[in-house]
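So the structure is just underneath, and the comments pick up after that.
The values are calculated or read from the model by the stated rules, or taken from the named source; none is laboratory data. Predicted model, so just to flag it, every value in this text is computed and none were measured. FYI the Cβ positions are ideal-geometry reconstructions off the backbone, even for glycines, and counts take in every protein chain you see. Just so you know, the surface numbers come from the protein's heavy atoms only, side chains and all, with ligands and any DNA or RNA stripped out. Shrake-Rupley method; radii C 1.70, N 1.55, O 1.52, S 1.80 Å.
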Amino acid sequence: MSTPPRRRHLVTSTVVFLAVLTGCAGPGDAVGRDSGNTSSPAPTVSLREQLEMLPGVSEVSGGDVGMTIVMSADASRDDVLAAAKQSHTLATETAFLSSISLTRTGGGLDAELDAPSAFPWTIEVFPGEIEPTLDTLAGMLDVEQVPGASGLAVVSGWPYVTITNIDDFSAVFDAVSTTALFADGGTYSTDSDRLQIVHVPNRTSAEGVHAVIDIAVDYPQAEVLLQATTAGPQWPQLYVARLSVEEAAAIDTRLRSPELADTDPDGLPQRFQLSVIGPDGPTYTLGTFGNVPG
């Protein structure tokens, strides 16, 4: 039996209405029934955030123009070396376009300066090859353990150390000069640079260095500089300034002592210059350690 005309019209209208509803449903509605099987993309972790999560890191400062990783005061040697290596790896993987340096946080407040203590050392760990950097950093960490060594730097492969107290200078020199970092020489200075020694081991013996330090200790108003270039022939020369006539004469006798004749390991003359400022200007006394001819 055929469907009456009016009923056929109602069925057709219902089909069209359902089709319209189905067409209005968005893609999300169809997927919504299975939404439990979908997952959101993992959030991107920035390079700085990754560096902050490294063991021993106290803070990270800077941004796209360069970052500094500050290691905590009690971060272990292993943590420091690992942070250096991992930060280089992360910066390489993210194609970081600037530099990253690693430093150790200072030792608190400097009572004399009423300011935070300076960083004991800072080293650039990116860009560049990481293995030589790790070797240098390991050497710096060795020197860091020497009491009285308050500041470290390595510039173009030449190491520098600052010594807090001039009375400890000899002991610090003896300890630091035996480390791998300073084996081929280095610069030792007081905070004020009143005493500065550029030590080239194959040019100046340890005994010669001690003689220079003793002069600085015994004449606290004097400026004492044992200078040499950090490359090339590296011939050293001692300069002592701010002396009276009597002081210059006493130091001249002291430096010419035969005991200092072997200050240069090869027996070559090592020169000194003493200066006195008088009413007519500076007067210079020239000589050699141990009075070696030359």
Which condition number in (1) assigned to a loop (DSSP other than H, G, I, E, B); (2) within 21 Å of SER170 (Cβ to Cβ) is the one that THR229 fails?
-> (2)
Out of all the residues in segment 65-88, is one or more touching a strand residue (DSSP E or B) at 6+ places or on another chain (Cβ under 8 Å), closer than 29 Å to ASP193 by Cβ, small (Gly, Ala, Ser) and at pLDDT 95 or above?
-> yes
What residue, of PRO132, PRO147, is surrounded by fewer than 15 Cβ atoms within 10 Å (Cβ to Cβ), at pLDDT below 95 and not hydrophobic (A, V, I, L, M, F, W, C)?
-> PRO147
So, first residue more than 12 Å from VAL245 (Cβ to Cβ) in segment 275-287, second residue open to solvent by 70 Å² or more (accessible area, probe 1.4 Å), Cβ within less than 6 Å, six or more apart or across chains; the pairs are GLY287/ARG256
Restricting the first residue to segment 160-178 and requiring it to be over 14 Å from ASP142 (Cα atoms) and part of a helix (DSSP H, G or I), which pairs with a second residue that is open to solvent by less than 10 Å² (accessible area, probe 1.4 Å) and of a type in the set (Ser, Thr, Tyr) meet a Cβ separation below 9 Å and a spacing of at least six or different chains?
-> PHE169/TYR188
Hey, ARG254 modelled with pLDDT of 95 or more and either touching a helix residue (DSSP H, G or I) at 6+ places or on another chain (Cβ under 8 Å) or closer than 13 Å to THR288 by Cα (or both) or not = yes
Any idea which of (1) open to solvent by less than 40 Å² (accessible area, probe 1.4 Å); (2) modelled with pLDDT under 95; (3) within 39 Å of the chain's Cα centre (by Cα) is the one LEU260 doesn't satisfy?
-> (2)
